Amino acid sequence: MKYTRSSALFAAAQEVIPGGVNSPVRAFKAVGGDPIFVKEAKGAYLYDEDGNTLIDYINSWGPMILGHAYPPVVNAVVEKAQKGTSFGMPTAIETEIAALATKMVPNIDKIRFVNSGTEACMSAVRLARGYTQKDKIIKFAGCYHGHSDSFLIQAGSGAVTFGSPNSPGVTQGTAQDTLLARYNDLAHVQEIIASNTDQIACIIIEPVAGNMGCIPPAPGFLEGLRTLCDTHGILLIFDEVMTGFRLAAGGVQQLVGVNADIVTFGKVIGGGLPVGAFAARAEIMNHLAPLGPVYQAGTLSGNPLAMAAGLAMLQALDGEPAIFQRLADKTAYLHEGIAAALNAKNVVHTINRIGSMISVHFHQNPVVDFETAALGNNDTFKKFFHGMLAEGIYIAPSAFETWFITDALTYEDLDTTIQAVATVAASL
């Protein structure tokens with residue numbers, strides 16, 4: 001495949017956009033080469049500016065759970081756009097999607113919409129601090145909750161990819177209120193709580209990590225966090241920006257039967273448009289302005305186009321619960337095929353999977369946290385990424401990202417992907 005036009009577009013972009021991209025994760029610095037510029041997408045496929053067709057396994061980093069240009073979402077956005085794109089005033093559709101979301105997700109009474117997952121997580125932590133009257137938070141090494149200052153303390157995803165997990169611009173004062181724990185290590189969390197008695201407002205976690213590859217919680221880990229929070233008066237925040245409405249209609253809370261105090265959303269809840277949200281029981285959410293003292297606002301929050309897209313997506317998922325099992329079955333099929341192809345060529349690897357999220361790690365030991373994820377062979381991943389790209393398969397250009405499976409993928413697409421792995425494995 002040739003990428004002449006993409007390279008030219010990237011050169012032009014670098015003149016007017018820092019690094020040529022509007023989000024670092026889109027750059028190819030971790031794998032080498034120039035990023036690919038997409039012209040359009042449909043279903044499970046990307047069509048780039050050079051005329052290449054790619055089977056897509058990032059799906060806009062998660063939201064395209066039913067495929068690109070999903071007709072009900074597109075139609076809803078077009079219809080709404082013809083009536084105006086933004087008002088800065090309440091609209092009925094905000095209440096409609098809020099009612100559906102609170103019906104689908106366990107243990108939430110009220111939800112507030114924002115414009116991104118970063119904004120949702122930032123607002124959730126502010127709400128937790130205001131509600132508990134405590135300052136410190138616990139986050140986990142390798143978990144990424146957006147680029148708010150409080151979270152860029154050994155974050156996952158792009159921050160790790162570029163080797164600067166503690167970003168310049170984050171003050172020491174901010175950093176000292178963020179306590180860092182090891183994922184899947186309950187004893188470590190207990191130690192941190194014991195050393196900061198009555199100072200911790202919340203524990204925020206990706207209940208299934210997706211920014212150091214896909215890492216499911218160990219048995220009992222989330223249950224243990226829930227018990228610790230109940231015991232010490234700490235709020236438990238599930239960052240379900242990736243997992244919400246993807247791993248189950250009610251997200252990880254429903255999947256594992258553990259309730260969080262505050263839940264954040266993004267990706268799927270916007271149907272591909274920029275949307276985030278955070279939700280909780282009424283007693284917590286009522287601390288937000290204008291009811292309570294915790295201030296949070298946004299001019300474009302609840303944007304009618306975004307609400308229309310999100311509502312169409314949630315209605316589709318709520319109307320066909322079998323989608324989630326279908327996605328899990330396709331992901332399991334892909335897992336088995338990739339493992340067989342790599343094993344046939346004696347390529348050392350570990351595959352993590354849960355529901356419609358999966359990641360391939362080029363390391364022989366189980367990957368259960370940031371430390372073990374970082375042990376993967378990045379040189380092998382680079383070869384794997386470019387090999388798959390040459391075969392027409394697009395995966396995330398970082399070893400620290402999960403793959404997202406879409407229902408638009410056919411088993412023929414999965415077989416094509418598995419055959420590509422077999423071809424690439426011969427050169428690893």
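The values are calculated or read from the model by the stated rules, or taken from the named source; none is laboratory data. The structure displayed is predicted, hence computed values, not measured ones. Cβ sites come from the backbone with ideal geometry, for glycine too, and all protein chains shown count toward neighbours. Please note that ligands, DNA and RNA were not included when accessible areas were found on the heavy atoms of the full protein model with its side chains. Shrake-Rupley method; radii C 1.70, N 1.55, O 1.52, S 1.80 Å.
Worth pointing out:
- In region 128-145, of all residues being of a type in the set (D, E, K, R) and closer than 15 Å to I262 by Cβ, the one that is nearest to the chain's Cα centre (by Cα) corresponds to K139.
- Among the residues of region 73-98, those that are in a helix (DSSP H, G or I) and open to solvent by 60 Å² or more (accessible area, probe 1.4 Å) comprise V74, N75, V78, E79, A92, T95, E96.
- Any hit, region 410-422, residues being surrounded by 19 or more Cβ atoms within 10 Å (Cβ to Cβ) and part of a loop (DSSP other than H, G, I, E, B): no
- Condition check for P274: farther than 19 Å from R226 by Cβ and open to solvent by less than 10 Å² (accessible area, probe 1.4 Å): no
- Unique residue being out of contact with any Cys (no Cβ under 7 Å at 6 or more places or on another chain), β-branched (V, I, T) and open to solvent by less than 10 Å² (accessible area, probe 1.4 Å) when the list is I405, I358: I405
- Residue within region 24-36 that is among the aromatic types (F, W, Y), assigned to a loop (DSSP other than H, G, I, E, B) and under 27 Å from G146 (Cβ atoms) present: yes
- The residue that is nearest to D415 (Cα to Cα), among those in region 317-333 that are of a type in the set (G, A, S) and within 20 Å of the chain's Cα centre (by Cα), is A332.
- If the condition is being assigned to a loop (DSSP other than H, G, I, E, B) and either under 22 Å from G310 (Cβ atoms) or touching a Lys or Arg at 6+ places or on another chain (Cβ under 9 Å) (or both), then region 104-141 contributes V105, P106, N107, I108, D109, N115, S116, D135, A141.
- Among the conditions (1) in contact with a strand residue (DSSP E or B) (Cβ under 7 Å, 6 or more places away or on another chain); (2) open to solvent by 10 Å² or more (accessible area, probe 1.4 Å); (3) β-branched (V, I, T), the only one that V268 does not satisfy is (2).
- Only one of the numbered conditions (1) within 24 Å of the chain's Cα centre (by Cα); (2) at pLDDT 95 or above is not met by D198, and that is (1).
- Of the criteria (1) over 25 Å from the mean Cα position of the chain (by Cα); (2) more than 27 Å from D379 (Cβ to Cβ); (3) not in a loop (DSSP other than H, G, I, E, B), which one G51 fails: (3)
- Residues (in contact with a Gly (Cβ under 8 Å, 6 or more places away or on another chain) and either among the aliphatic types (A, V, I, L, M) or within 23 Å of L100 (Cα to Cα) (or both)) located in region 112-140: F113, V114, N115, S116, G117, T118, E119, A120, C121, M122
- Counting the residues of region 375-402 that are in contact (Cβ under 8 Å) with a residue 12 or more places away in the chain and open to solvent by 50 Å² or more (accessible area, probe 1.4 Å) gives 8.
- Consider region 56-72 and keep the residues that are on the phi > 0 side of the Ramachandran plot and either part of a helix (DSSP H, G or I) or in contact (Cβ under 8 Å) with a residue 60 or more places away in the chain (or both). The one that is surrounded by the fewest Cβ atoms within 10 Å (Cβ to Cβ) is S60.
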